[in-house]
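Read the figures in this text as sums done on the coordinates, not as results from a lab. Note that the coordinates shown come from a computational prediction; the quantities given were computed from them, not determined experimentally. Note: ideal-geometry Cβ built from the backbone for every residue, glycine included; neighbour counts use all protein chains shown.
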Amino acid sequence: MSESDSPTAHPGLRPVASQPVPTTAPVPATIAFDRHELREIFNLYGRMVASGEWRDYAMDFGKEKAVFSVYRRSNEHPLYRIEKNPKLARKQGAYAVIAVTGLILKRGHELARVLQVLDKPVKLAVV
């Protein structure tokens, strides 16, 4: 009696040879800002460019975090880094604003609230 004739075998199915399982772990996805986060960041960036304080930016996307860097001039170190690190989402918050010295100015769970540290209020001049 062959395998195909056995009462437990399914008709028309042949046994598949076992294939070796790859030993490498899958590569994690790249962390990036979504559309709503970029809208918040670029709204602030546009206001700061209009006031003449910021002139350039760079975005870096990695396996652990996404970084939006802001420059006064393109050949300097970034004035501020806006970081998104999902590993810290449950603890300190996924978003942080970091100064050029490495000082964390603000960290939190909501990007809009974290960006408020960079947004200066409008001053009214009394004549």
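Under a plain spin-label model, where a point goes 7 Å from the Cα along Cα-to-Cβ, how far apart in nm are ILE104 and LEU38?
It is 2.7 nm.
In the range 46-63, whose amide N lies under 18 Å from the spot 7 Å out along Cα-to-Cβ of SER74? List them in ranges.
Answer for this model: 46, 49-50, 52-60.
Taking a 20 Å limit on the Cα-Cα distance, which of the listed pairs LYS63/LYS106; LYS87/LYS120; LYS65/LYS91; LYS65/LYS87 fall beyond it?
The answer is LYS63/LYS106; LYS87/LYS120.
If eta is 1.306 mPa s and T is 10 °C, what Stokes-Einstein diffusion coefficient results for the range 35-115, Kirkwood Rh from Cα pairs, in µm²/s?
D = 123 µm²/s.
Give the relative contact order (percent, whole number) for the range 35-115; include only Cα pairs under 8 Å separated by 6+ residues.
19 percent
Could you tally the net charge around VAL114, taking each other residue with its Cβ under 11 Å from the Cβ of VAL114, Lys/Arg +1 and Asp/Glu -1?
It works out to a net charge of -1.
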